[in-house]
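Have a look at the structure below before the remarks.
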Amino acid sequence: MKKLILSLAATLAAVSLLQAQEPDYRFGKVSEEELRMERYDRDPDAEAVVLCEEVRTYYLIGNQFTRMTDYFIRIKVLKAEGKEYADVELPYVFQRENYANLDAVAYNLVDGKVVKTPLKKQYLFREQVGEEQWLLKFSVPEVREGTVIEYRYRMNSDFITYIPTIVVQHDIPTEYIRAAVEIPEYLRFNIDTKGYLSLDMQENVIAGRIAGTNVPYNVREIRLEGRDIPALKKEPFVWNRNEFRSMIDFELSQLALPFTQVENFSSSWKDVNELLSKIDFNDNIHMGNPFKKEVDAIVAQKPAPRQMLHEILRMVQSHMKWDGKYRLMSPSPNDAVKRGSGNSAEINSVLMAAVKDAGFDVVPILLNPRSMGRLPQMYATLDGINTFILRVTLDDGKFAYLDGTDPDSDVDLLPTELLVDRARIYGVDGNVGWCDISQLSPSSTVINMNLHFDSDLSLRGWITERFTNQSAMQYSSACTKAGSEEKYAEGLEESHHIRIDSLTINGRGSALLTQQYAMTRETEKAGDFIYLDATVIPFLSENPFRSAERSYPVEFDSADSYLIQGTIRLPEGYVVEELPRAVRLNAFNGDITCSYIVQAANGAIQFRMQFKQKRLIFQPGEYADLQAFYGAVVNMCNGKIVLRKQQ
């Protein structure tokens, strides 16, 4: 009996210890252990960590229908960079949404005692960022390395058909998250889970009751709980990092309010097309041509079809400048014509009218720019479409693509942002409506060098560079952004580590740009030796893939091909001491290749480097091989041509 009592006491003590170790996630219950924490063991480099995050979205139904969100977060600042999480911006729509019960506190350990510093209400600020869009802004005071931050609020909104996204994965790690969404039976939402993490979601049906009555209704309850959520690290070569962030999106599919007719929303692409045919979008793409006189003059010249499209594009762009905003619809493109500027919907609606007036068949291609995320494949959406481009049918049955936003674009030459692998052909239903334009215009770069050594042993000569498609647009845009060819040449000098004595550029704003320049480059000398880089001007000096592993795909801008070749005449009295070894690399069944060869003969060195990448997207499981391939290319580029002075 004595042993049983002792065993029971030990068990109770163990349970008590486990309870004591479990953090208290109530507001204001920050522990000394959390304040003494110096790093997060699962991510030692983290600048901060979310210790706890709780969010609950639900509805109050009475005389009014209101969506409510209760939010609470506790963050530990581990490094100076983590102080940025004390600066908070909460968006809302004026007169339709507001925040209540907002509290924010900083906790610091000072001389072994917990010191609390609450946010004073006078340090809450409101900033207007749009016609109706505002931000509620505050900075939690007294935040430094070691501080624990807490804030909470309640937000109420009359936008009942919208449920905010639940973000499970942040840019910093999360120790614990708990979320709940409670949806009354009068609203139905499509639920889209994103990211590579496995989320522990549960669904239940619970009872609700209309306020002030005994009228019951069913509530769809969605709950999520997670621990030790890793940070979504910033990595190169990704179109939209949020596509791979673990989160839950909600899109309204049906509205069935009491005593009203049931409304269905975007349950199929056929529904999306039908809805677009009844609103401003349809009116805009069937508008009359405001530049009829200009189009008639172009048509009268009887240029070839692609040249005609080019001239119409340039004409519209000469009258309308893009304001930098992507939109699917606009109330009045004609007003944008009068202003001389407009968003993507306004410019492309006018461009479509002009192209149709020239006798072409045109259809809109609906899409999301890369930075805004792909269209979902599992369900149809209207909210997820942010712009459109034009697909023109030519006499031979082939297609040409146009977009009027970027002045450096051309026929079949679109901004990289719009080269998506998941777009929709307007008016086409089902799977046949998908359109992949990600490799519409593969990029090509050819660089030829003819070089010799000057009397001071600096390298001089001519370089001719030929850029096709996306690379041509990239360099056209760089020249436009620089403001002048002189400024552009300065940037070229910096990137190539050379001095440019003269520069000629041809083909700006087209699919073929060439530039030629006389250059001088100081050489690396040591005693009787001269050292040159394997390709003279840099191609790839360091591996862009530095992380040991990657949890989401690598997405390149375009399919690329590079050819760098040249002839270098040896300086008098020098011989070749050493040449880089020949290299031939092939990975992913030829989707990416690289080769290098160099030889010396008849007083000159000739080299040739060729790099080809056919595929845009590489999955996480391919990352190690991709990293190794780029590492081998870097090693090749870092090879040296060594010349020695004869004795």
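Of Asp361, Asp557, Asp396, how do they rank once you tally other Cβ atoms within 10 Å and put the fewest first? The partial results should precede the final answer.
Numbers: Asp361 11, Asp557 17, Asp396 6.
By the 10 Å Cβ count, ascending: Asp396, Asp361, Asp557.
The residue list Thr57, Ser31, Ala624 was ranked by how far each Cα lies along the charge dipole of the chain toward its positive end, using unit charges on Cβ atoms, and Ser31 comes out on top.
Cα centroids of the stretch 60-97 and the stretch 455-495: 47 Å apart.
Taking neighbour Cβ counts within 10 Å as the exposure measure, how do Thr193, Thr405 sort from fewest upward? Don't skip to the end; give the middle numbers.
Details: Thr193 16, Thr405 26.
Arranged by neighbour count, lowest to highest, Thr193, Thr405 become Thr193, Thr405.
In terms of Cα to Cα distance under 21 Å, which lysines are near enough to Lys338, apart from those fewer than 8 places away along the same chain? By straight Cα distance, Lys338 reaches Lys292, Lys293, Lys321, Lys325, Lys356.
Which length gain, in nm to one decimal place, applies between Leu109 and Ala582 when the Cα-Cα distance is subtracted from 0.36 nm times their residue separation? Intermediate results must be reported in sequence, preceding the final value.
Working: separation 473, 0.36 × 473 = 170.28 nm, distance 6.13 nm.
Length gained, Leu109 through Ala582: 164.1 nm.
Rounded to the nearest 20 debye, the dipole size of the stretch 23-255 about its Cα centre is 540 debye, using +1 on the Cβ of Lys and Arg and -1 on the Cβ of Asp and Glu. Helix 485-496 and the longest principal axis of the C-alpha atoms of the chain enclose an angle of approximately 80°.
Taking label points 7 Å from Cα along the Cα-to-Cβ direction, Asp45 and Asp625 give a separation of 2.5 nm. Only helices enter this figure: runs of n ≥ 4 DSSP H residues, each worth -39500 (n - 2.57), summed and divided by the residues of the chain, yield -6000 deg cm²/dmol at 222 nm to the nearest 500.
Evaluate the relative contact order of the stretch 443-645 (contact order divided by residue number), counting alpha-carbon pairs under 8 angstrom at least 6 apart; express in whole percent.
Values: 410 pairs, mean separation 50.4, N = 203.
So the answer I get is 25 percent.
By count of other Cβ within 10 Å, fewest leading, how are Arg220, Arg546, Arg67, Arg314 ordered? List each step's numbers first, then the result.
Working: Arg220 17, Arg546 9, Arg67 21, Arg314 14.
Ascending number of Cβ neighbours within 10 Å: Arg546, Arg314, Arg220, Arg67.
Each residue of the stretch 216-233 was assigned a 3J(HN,Hα) from its phi angle through the Karplus expression (A = 6.51, B = -1.76, C = 1.60, θ = phi - 60°), giving x, 8, 8, 10, 7, 9, 10, 10, 9, 9, x, 10, 6, 7, x, 5, 8, 6 Hz with x at Gly and Pro.
Quote the charge dipole size of the stretch 269-435 about the Cα centre in Debye, to the nearest 20; the model charges only the Cβ of Lys and Arg (+1) and of Asp and Glu (-1). Could the numbers behind the result be given before it?
Numbers: 19 positive and 23 negative charges, 23 e Å.
Roughly 100 debye for the stretch 269-435.
Between helix 470-482 and the chain, what is the angle of the helix's C-alpha long axis to the longest principal axis, kept within 0 to 90° and rounded to the nearest 10? Value to nearest ten degrees: 80.
What does the C-alpha gyration tensor say about the overall shape of the chain? Classify as rounded when a/c is under 1.5, otherwise prolate if a/b is larger than b/c, or oblate. All intermediate terms of the calculation are to be shown ahead of the outcome.
Working: a/c = 2.35, a/b = 1.32, b/c = 1.78.
Verdict is oblate for the chain.
Hey, which lysines would be in cross-link range of Lys113, C-alpha to C-alpha under 24 Å, not counting anything within fewer than 8 residues on its own chain? Result set, ordered by chain and number: Lys29, Lys76, Lys79, Lys83. Report note on the peptides 113-121, 548-556: ranked by the mean count of other C-beta atoms within 10 Å, highest first, their order is 548-556, 113-121. In the chain, a dipole from Cβ-located charges (positive for Lys and Arg, negative for Asp and Glu) runs towards its positive end, and of Asn386, Ser318, Ala179 it is Ala179 whose Cα lies farthest in that direction.
In percent, what relative contact order does the stretch 23-255 have, based on Cα pairs under 8 Å that are 6 or more apart in sequence? Please report the intermediate quantities before stating the final value.
Numbers: 530 pairs, mean separation 54.8, N = 233.
About 24 percent, as a whole number.
How long is the gain from Arg569 to Gln254 if the chain were fully straight, where each residue apart is worth 0.36 nm and the alpha carbon distance is subtracted? Working shown, then result.
Values: separation 315, 0.36 × 315 = 113.40 nm, distance 7.41 nm.
In short, 106.0 nm is gained.
Centroid-to-centroid, using Cα positions, the stretch 268-327 and the stretch 398-425 are 13 Å apart. Using the average count of surrounding beta-carbon atoms within 10 Å as a protection proxy, the listed peptides 37-44, 587-594 rank, highest first, as 587-594, 37-44.
Mind running the shape call on the stretch 538-639? Use the C-alpha gyration tensor, a ≥ b ≥ c as the square roots of the eigenvalues: rounded below 1.5 for a/c, prolate if a/b tops b/c, oblate otherwise. Intermediate values should be presented prior to the final figure.
On the way: a/c = 3.12, a/b = 2.40, b/c = 1.30.
Prolate shape, in that a/c is at least 1.5 and a/b is the bigger ratio.
Stokes-Einstein diffusion for the stretch 443-645, with the hydrodynamic radius set to the Kirkwood value over Cα pairs and evaluated at 37 °C in a medium of 0.692 mPa s, equals 179 µm²/s. The stretch 99-176 and the stretch 591-640 have Cα centres spaced 49 Å apart.
FYI, it's all coordinate maths here, none of it is from the lab. Not measured: the values here are computed from a predicted model. Ideal geometry is used to build each Cβ from the backbone, glycine not excepted, and the neighbour counts take in all protein chains shown.
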